[in-house]
């Protein structure tokens, strides 16, 4: 079984891949940073928002921001108990990160309310699909929506750096996920799209996931997996 992040490790460094996934050398314990904590809490807050919307109980913006603040308090306390202070890079404070998350959610809410044009199929959708008869692929989708005859795979990013045009890794990831969504839900839609929300920049990057695009990405990563298997 493979995942997109796993394959990116091989592209980054085949030796690192061998240590991690073949030899299974124990890794250093994960250390939570202010950036990773911010991403998790914003994701969980948006997940809660859309779960409520899905049962026709759309929260106010104030309720969403209160949920975010309460979740931050809980997660920071858990991190403090587990590892001590949250790791912060650069000349920032934990309050700077708190404010960033609140601003992301506030702007997102203002832009997309009243959330009336979509039907939420699922949030944090976690399943395995068959890339080929012999290759299984694991995926977690932030959100899957239905808009008319189109299904939309959505993913949130809290990065402070915007990917350049030649960096298409995020779209490749969602295209791979599109293959799985087509296997799981294909009879329910006519068109499939991928949408990236770059929350720091208030930018949405939307692409059509055509059969040609998905076939090309599938071939690329099938060939990569065959290369990995041959190198073991």
Rank by packing, highest mean first: peptides 81-88, 95-102, with packing defined as the count of other Cβ atoms within 10 Å averaged across residues. 95-102, 81-88
Using a basic spin-label model with each label point 7 Å from the Cα along Cα→Cβ, how many nm lie between residue 91 and residue 134? 5.6 nm
Order of 65, 49 - criterion: other Cβ atoms within 10 Å of each residue's Cβ, fewest first: 65, 49
Along Cα→Cβ, 7 Å out, is where each label goes; now give me the distance between the ones at residue 159 and residue 229 in nm to one decimal. 3.0 nm
Which label marks the calculated value of percent of Cα pairs over 30 Å apart, given the options (i) 33; (ii) 16; (iii) 23? (i)
Taking 0.36 nm per residue of sequence separation and subtracting the Cα-Cα distance, how much length would be gained by fully extending the chain between residue 184 and residue 28, in nm to one decimal? 52.6 nm
Could you please tell me the mean projected area of the C-alpha convex hull for region 96-232, averaged over all directions and given in square nanometres to one decimal? 10.1 nm²
Determine which residues of region 191-232 fall in the zone a paramagnetic label at residue 11 would reach in this model, i.e. backbone nitrogen under 12 Å from the point 7 Å along Cα→Cβ. 217-218, 220-222, 224-225
Backbone N within region 188-232 under 19 Å of label point (7 Å from residue 167 Cα along the Cβ vector): 195-207
Which residues in region 169-213 have a backbone N closer than 20 Å to a point placed 7 Å from the Cα of residue 146 along the Cα-to-Cβ line? 178-195, 209
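Each value in this text was obtained by applying a stated rule to the coordinates, not by laboratory testing. None of the values given here were measured: they were computed from a predicted structure. Cβ: placed from backbone, ideal geometry, glycine included. Neighbour counts: every protein chain shown.
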